[in-house]
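Contents: one structure, followed by commentary.
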Amino acid sequence: MIESAASSSGLHPSEPGYPQMVFLITLMSGIFLFILGITQVGYLANLISHPVISGFTSAAAFLIGFSQLKHLFGISMPRDSTIIPLVKHFVNNVEDTNGWCLLMGLIGTTIIILFKVSKKTKWIPVPLFLVVVSILLTKYLKLDEIAHIKIVGTIPKGFLPPINPLNNISESKLLKLIPVSIQISLVIVMESVSIGKTFAAKSGYTLQATMEFIALSLSNIVGSFFGSYACAGSFTRTAVNHNSGAKSPLSNLISGILVMFTILVLTPLFYFLPYTILAAFVLSAVYKLFDYQEIIFLWRVKKRDLIVWLSAFLGTLFLGIELGILISIAMSFFIVVVASSFVSM
């Protein structure tokens, strides 16, 4: 997203100092998000209706799940954010399916789902167990060589040294990056709020959008000094976190500490981790996000909202998550305007 937005503004990866400009975009996006946070514009998130959120979430879950099929089947598929190219790539390459890779992934997915369904075994750390077992099997049976199962491989160890995104940046370049930064900030807001409202509804709490803006702004501002791209809420990671039983933001703190410790010390241990097991984690988490019950409910109770749901779902599915968010937000405001008009009459 950053690269496409930067390219549209005349910035290209071959340009000298391009990485630093990307980090500067991250910093500026964080500053813009902070301004949105302190000006209390988070209340606008309340205008996004539930059918819009449900349709968007269901389509995003479908896209995320379909994008994981390349790891599950062990085939090559280019990255894409819309359903038609993903289906075409899958159909064209499915004949190259790695049977051993598919078998391992299906077993992993089935085990995770079965243990999640069973209330008596929720205390068992199934993901950790699968990671350890799959690594040991792949390493000592040499499945990466014999069965050609794709593995994570070498993960760089340690952290990048701090950098200064503002170093040697001219005023003309700074002005050139402002539109890109605003564009990125809006996408971060829309995507993160949509994700937040989805899981707030599932867990029974109220999303504090203003606090989300401030948290996102600080993440991007601090991250820009350590070589980070602009970051937003992640559907995949949020789904996995929710599916693991996380109930509070403390889970993110613990995850962050464990990730830091892993990067510093444990990265060599994950060398033989199969990608198909990672796909199993994602697939077992996102399938619950497809809200088919909402379709049935809207069909029976409120068909007008079903049209809204389908607009958000199909827009996201065929145009991608970023455009899908824009369509969903526009649909929400349209509903508010139409409803207000009828009330006024």
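Close Cβ contacts (under 7 Å, 6 or more residues apart or on different chains) running from residues in the stretch 261-285 that are among the β-branched types (Val, Ile, Thr) to residues that are surrounded by 15 or more Cβ atoms within 10 Å (Cβ to Cβ) and outside any helix (DSSP H, G or I) comprise 276/74; 276/149; 282/68.
For the stretch 152-195, a residue qualifies if it is in a helix (DSSP H, G or I), open to solvent by less than 60 Å² (accessible area, probe 1.4 Å), in contact with a Leu (Cβ under 9 Å, 6 or more places away or on another chain) and not small (Gly, Ala, Ser), and the qualifying residues are 177, 180, 187, 188, 189, 190, 193. Taking the stretch 272-286 only, how many residues are more than 18 Å from the chain's Cα centre (by Cα) and surrounded by fewer than 24 Cβ atoms within 10 Å (Cβ to Cβ)? Within the stretch 272-286, residues that are more than 18 Å from the chain's Cα centre (by Cα) and surrounded by fewer than 24 Cβ atoms within 10 Å (Cβ to Cβ) number 2. Are any of the residues in the stretch 297-310 without any contact (Cβ under 8 Å) to a residue 12 or more places away in the chain, out of contact with any helix residue (DSSP H, G or I) (no Cβ under 9 Å at 6 or more places or on another chain) and open to solvent by less than 60 Å² (accessible area, probe 1.4 Å)? Among the residues of the stretch 297-310, not one is without any contact (Cβ under 8 Å) to a residue 12 or more places away in the chain, out of contact with any helix residue (DSSP H, G or I) (no Cβ under 9 Å at 6 or more places or on another chain) and open to solvent by less than 60 Å² (accessible area, probe 1.4 Å), which makes the answer no. Annotation: of all residues in the stretch 287-296 being touching a helix residue (DSSP H, G or I) at 6+ places or on another chain (Cβ under 9 Å) and part of a helix (DSSP H, G or I), the one that is least open to solvent (accessible area, probe 1.4 Å) is 289.
For the stretch 252-268, a residue qualifies if it is surrounded by 14 or more Cβ atoms within 10 Å (Cβ to Cβ) and not small (Gly, Ala, Ser), and the qualifying residues are 252, 262, 263, 267.
Looking at the stretch 207-246, which of its residues are under 30 Å from residue 114 (Cα atoms), in a helix (DSSP H, G or I) and free of Cβ contacts under 8 Å to residues at least 24 places away in the same chain? Don't jump to the end; show me each part of the working.
Taking the stretch 207-246 as the starting set, the residues that turn out to be under 30 Å from residue 114 (Cα atoms) are 233-246.
Filter once more, so that each one left must be in a helix (DSSP H, G or I): 235-243.
Passing the criteria: 237, 241.
Among the residues of the stretch 62-80, are any touching a strand residue (DSSP E or B) at 6+ places or on another chain (Cβ under 6 Å), over 30 Å from residue 310 (Cα atoms) and in contact (Cβ under 8 Å) with a residue 12 or more places away in the chain? So far as the stretch 62-80 goes, no, none of its residues is touching a strand residue (DSSP E or B) at 6+ places or on another chain (Cβ under 6 Å), over 30 Å from residue 310 (Cα atoms) and in contact (Cβ under 8 Å) with a residue 12 or more places away in the chain. The lone criterion from (1) at pLDDT 85 or above; (2) among the aromatic types (Phe, Trp, Tyr); (3) within 25 Å of residue 68 (Cα to Cα) left unmet by residue 290 is number (1). Within the stretch 204-218, the residues that satisfy the criterion of being among the hydroxyl-bearing types (Ser, Thr, Tyr) and either in contact with a strand residue (DSSP E or B) (Cβ under 7 Å, 6 or more places away or on another chain) or open to solvent by less than 60 Å² (accessible area, probe 1.4 Å) (or both) are 210, 217.
Only one residue in 118, 134 is in contact with a Pro (Cβ under 8 Å, 6 or more places away or on another chain) and either within 26 Å of residue 243 (Cα to Cα) or open to solvent by 40 Å² or more (accessible area, probe 1.4 Å) (or both), so which one is that? Lay out the reasoning, then the answer.
Numbers: 118 fails: in contact with a Pro (Cβ under 8 Å, 6 or more places away or on another chain).
Every option except 134 fails the conditions.
Considering only residues that are modelled with pLDDT of 80 or more and open to solvent by less than 10 Å² (accessible area, probe 1.4 Å), look in the stretch 28-51 and name the one that is nearest to residue 93 (Cα to Cα). Walk me through it before giving the result.
Our first condition is that a residue be modelled with pLDDT of 80 or more; within the stretch 28-51, this holds for 28-39, 51.
Next cut, open to solvent by less than 10 Å² (accessible area, probe 1.4 Å) only: 29-30, 33, 37.
Working: 29: 38, 30: 40, 33: 41, 37: 46 Å.
Filtering first and then ranking leaves 29.
Pull up the stretch 137-151, narrow it to residues that are of a type in the set (A, V, I, L, M, F, W, C) and in a helix (DSSP H, G or I), then point me to the one that is surrounded by the most Cβ atoms within 10 Å (Cβ to Cβ). If we take residues in the stretch 137-151 being of a type in the set (A, V, I, L, M, F, W, C) and in a helix (DSSP H, G or I), then 143 is surrounded by the most Cβ atoms within 10 Å (Cβ to Cβ).
The values are calculated or read from the model by the stated rules, or taken from the named source; none is laboratory data. None of the values given here were measured: they were computed from a predicted structure. Reconstructed Cβ throughout: ideal geometry from the backbone, glycine too, with neighbour counts over all protein chains shown. Side chains are part of the model used for accessible areas, which takes the heavy atoms of the whole protein and leaves out ligands, DNA and RNA. Shrake-Rupley method; radii C 1.70, N 1.55, O 1.52, S 1.80 Å.
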